[in-house]
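Peer 1: One structure, as C-alpha cells, below. Some questions next.
The values are calculated or read from the model by the stated rules, or taken from the named source; none is laboratory data. Only a predicted model underlies this, so the values are computations on that prediction, with no experimental measurement involved. Heads up, the Cβs are rebuilt from the backbone with ideal geometry, glycines too, and the neighbour counts pull from every protein chain shown.
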Amino acid sequence: MKRIVLLGLLLATPAFAHARLLSSEPAAGAKVKSPGVIKLHFSENLEPAFSSASLIDAGGKTVPVSKSVGSQTITLLPLTLKPGAYKVSWASVGQDTHRVTGSFGFTVIP
C-alpha cells in the first residue's frame, strides 16, 4: 500500500527543472565580428516578466540594446559594437519560479 501511495505522489508532482542556459550566439569565449543579434537559448519556457539579459562593455558600462524574451530564448539586438571584450549577464525564471543567473563573455574583433 505504501508503494502505491508513494508512486501516486511521484506521478502527481510535476517535474520542474530550472531554466538554465543551454547555448548562446555568439558562444561563450567566441571571437567574432560585431554581431547584429545575441541569442540565449534556455532549457525550458521562460517567464518573460522575470527573465532578462544585459550587455556590458569592457569598461563595465551597460550597452543599450533592444531586448525580447521568447518562449525559450532571450534576444539582444545591439547596434554596431566596437572591438573589445563584452559580457552578457542574464537572469532566467522558468515555470518552477526559481531565478537562475549567469554570465558569459565574448570578444568583438575588427
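Peer 1: For residue 18, only one of the following conditions fails: (1) of a type outside the set (Val, Ile, Thr); (2) touching an Asp or Glu at 6+ places or on another chain (Cβ under 8 Å); (3) modelled with pLDDT of 95 or more. What is its number?
Peer 2: All conditions are met except number (3).
Peer 1: Count, please, the residues in the stretch 70-82 that happen to be surrounded by fewer than 19 Cβ atoms within 10 Å (Cβ to Cβ) and hydrophobic (A, V, I, L, M, F, W, C).
Peer 2: Final tally of qualifying residues: 2.
Peer 1: Starting from residues that are aliphatic (A, V, I, L, M) and in a strand (DSSP E or B), keep the ones in the stretch 25-39 and report whichever is surrounded by the fewest Cβ atoms within 10 Å (Cβ to Cβ).
Peer 2: Start the filter on the stretch 25-39 by keeping residues that are aliphatic (A, V, I, L, M), which leaves 27-28, 30, 32, 37-38.
Subsequent filtering for residues that are in a strand (DSSP E or B) retains 32, 38.
Details: 32: 14, 38: 21.
Applying the filter and picking the extreme gives 32.
Peer 1: If residue 80 satisfies every condition in (1) within 17 Å of the chain's Cα centre (by Cα); (2) not in a strand (DSSP E or B) but one, which is the exception?
Peer 2: Result: residue 80 passes all but (1).
Peer 1: Shifting gears a bit: Only residues that are within 15 Å of the chain's Cα centre (by Cα) and surrounded by fewer than 19 Cβ atoms within 10 Å (Cβ to Cβ): list them for the stretch 83-92, please.
Peer 2: Scanning the stretch 83-92 gives 87, 89, 91.
Peer 1: If a residue must be part of a strand (DSSP E or B), of a type in the set (S, T, N, Q) and out of contact with any Ser or Thr (no Cβ under 9 Å at 6 or more places or on another chain), how many such residues does the stretch 40-77 contain? First the steps, then the outcome.
Peer 2: Filtering the stretch 40-77 down to residues part of a strand (DSSP E or B) leaves 40-42, 52-57, 62-63, 65-69, 73-77.
In the following step, the residues that additionally are of a type in the set (S, T, N, Q) were identified as 52, 54, 62, 66, 68, 73, 75.
Checking which are out of contact with any Ser or Thr (no Cβ under 9 Å at 6 or more places or on another chain) leaves us with 73.
Qualifying residue count, the stretch 40-77: 1.
Peer 1: Which condition does residue 106 not pass, out of (1) free of Cβ contacts under 8 Å to residues at least 24 places away in the same chain; (2) within 14 Å of residue 36 (Cβ to Cβ), if it passes all the others?
Peer 2: Result: residue 106 fails condition (1) only.
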